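First the structure, in the form of structure tokens, and then the observations on it.
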Amino acid sequence: MINRILSQDTIAAPITPVGGSVCLIRISGNGALGVLKNIFKGARVFKTHRVYYGKIVNGNEVVDEVLVTVMLAPKSFTMEDVVEIGCHGGAKSAEAVLSLVLSFGVRLAEPGEFTKRAFLNGRIDLTQAEAAADLIAAKSTAARRGALNALSGGISNKTKEMANKILSLIARIEAAIDYPEHEDEINSDVSVIKLLKEITDEMKSLLSTYDKGKIIKDGVNIVITGKPNVGKSSLLNALLNDERAIITEIPGTTRDILKEQMMIGDIPINLVDTAGIRETDDVVEKIGIERAIRESENADLILLVVDEINNEGKTTFSCPSVKKLALINKVDILDKNTVQAIHHDLAASGFSDIEIMNVSTKNGTGIEGLRLKIKDMFISGEIDYETVLINSARHKQSLDKAFKHTINAMETAMAGFSEDFISIDLTAAYHFLCEITGESLSEDIIDKIFENFCLGK
């Protein structure tokens, strides 16, 4: 269990990028108001949730003209006294104000430390803290709305609901153990097995949302692969509707991976153009081919581009868990018999179970259909923004462990074993559910999570 006791340090950091028209510098902690009184000229008495106009001064020197917002504990994001100084955003102005604040014994905040204090002080749980970071990093409307759902307690409420059901069940079982003469009365209303089945169904349903949630948050990683000069870079340009990759008739033009981002509907797409796969003595090209194979292994979708018979590129299809599409390119210049022959050749080469599409990166044939196909492969239908989706590997890992222990408890109950054995698995399941909200995580794991936050959040 984490120890929800913070140091008495007062911390400060810019919470907006330096260099804009305005920069906000946040001070949080017991000394925030004292620092303000030492450097602010414009008011001496401060009420919570008020904005004050005045000047930041260093002795007789005016440092900047500012607006100051005061939020007194516990009615602030961190539940501590918070002062936000809105100064001019030029690098020198913001730097001068921040340096003056730090000169009063205030410490520069670590990345994510404001959010960490909100978590440690009980203002939010860990899923909400992570959602705040996801909201900042959101690449799409779907990702933004999913983060807002989690920030408002969607994931934590669902998790706590399941945890409370398990806790109630543990209490019932413990009562039956302690008072065996009343066991029938305690378990008379709803059987333990029925309740466990309901809980496991809820866990299974939530676990099933991970793939969709992860795609909405992080996007789909698509690797374009194939032999040299089949039109891989042309496909990248066609999908982006922009000339981002260099195209020549010389084989091996692309020697390194090229990464670009785009949107298909509301799904972020991470496109990777790779070196053409072939036998070569060129050292640099060999490195590019090795990188292409590594990228394929980590892809969500491989697009194999071919333009002739025996151009299958089997190496790129050695990833059994990765979705794949084969694209016959240059159909604008290939006759129908050749296209049909390539289809048969792909099937004979072991790709009979992989969907094949015809495209032309030159005139755009099939490109829009390819975009729609990619969307349907990962997100079918409309996105329901009210549905709770998990998108964190950490959440999935803890939920999966809780699910397995709950299944074990149900199987133990069905086998007629003692309630003690059921209680052991249920206690473990409860612990893993509490990991999701941060109630039973160790401090070092908490620190690791917040290390990935940006400075000022």
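Since every read-out is calculated from the coordinates, none of them should be taken as a lab result. Fair warning: this is a prediction, and the values are worked out from it, not measured in the lab. As a convention, Cβ positions derive from the backbone with ideal geometry for all residues, glycine included, and neighbour counts pool all protein chains shown.
Compute the Kirkwood hydrodynamic radius of the chain, taking the inverse of the mean of 1/r over all pairs of distinct Cα atoms, and give it in Å to one decimal.
26.5 Å
Which FRET efficiency, nearest 0.05, do E198 and K92 yield, Cβ-Cβ r, R0 35 Å?
Working: r = 62 Å, r/R0 = 1.76.
FRET efficiency, E198 to K92: 0.05.
Once R0 is set to 45 Å, what does the formula 1/(1 + (r/R0)^6) return for the Cβ-Cβ distance between Q261 and M414, expressed as a FRET efficiency to the nearest 0.05? Write down the numbers at each step before the final one.
Numbers: r = 49 Å, r/R0 = 1.10.
In this case the efficiency is close to 0.35.
Multiply the residue gap between D332 and K375 by 0.36 nm, knock off their C-alpha separation, and tell me the result in nm, one decimal place.
13.0 nm
Name the residues whose placed amide hydrogens come within less than 5 Å of the amide hydrogen of I264, ignoring near sequence neighbours (fewer than 5 apart) on the same chain.
I269
So if I average 1/r over every pair of distinct C-alpha atoms in segment 11-123 and take the inverse, what Kirkwood radius in Å does that give?
13.9 Å
With a Förster radius of 51 Å, plug the Cβ-Cβ distance of K362 and E297 into 1/(1 + (r/R0)^6) and report the FRET value to the nearest 0.05.
0.95
Extension gain D211-D444, at 0.36 nm per residue separation less the Cα-Cα distance, in nm?
Full extension from D211 to D444 adds 81.1 nm.
Taking each full run of DSSP H in the chain as one helix, which ones are at least 27 Å long along their axis (Cα atoms) and have mean Kyte-Doolittle hydropathy of at least 0.0?
Details: long enough: 154-178 (36 Å, 0.11); 393-414 (31 Å, -0.76); 419-437 (28 Å, 0.64).
Span-like helices here: 154-178, 419-437.
Tell me the label-point distance for the pair E174, Q340, using the 7 Å Cα-to-Cβ offset, in nm and rounded to one decimal.
7.4 nm
In segment 408-457, which chymotrypsin sites (Phe, Trp or Tyr not before Pro) are in a loop and have at most 16 other Cβ atoms within 10 Å, using DSSP for the loop call?
Working: sites: F417, F421, Y430, F432, F450, F453; in loops: F417, F453.
Hits after loop and neighbour filter: F417.
Sequence neighbours fewer than 8 away in the same chain don't count; with that in mind, list the lysines whose C-alpha is under 20 Å from K197.
K158, K160, K165, K396, K401, K404
Determine the gain in length on full extension of the stretch A137-T48; use 0.36 nm per residue of separation and subtract their C-alpha separation, reporting nm with one decimal.
Numbers: separation 89, 0.36 × 89 = 32.04 nm, distance 3.04 nm.
Contour length minus the Cα-Cα distance gives 29.0 nm.
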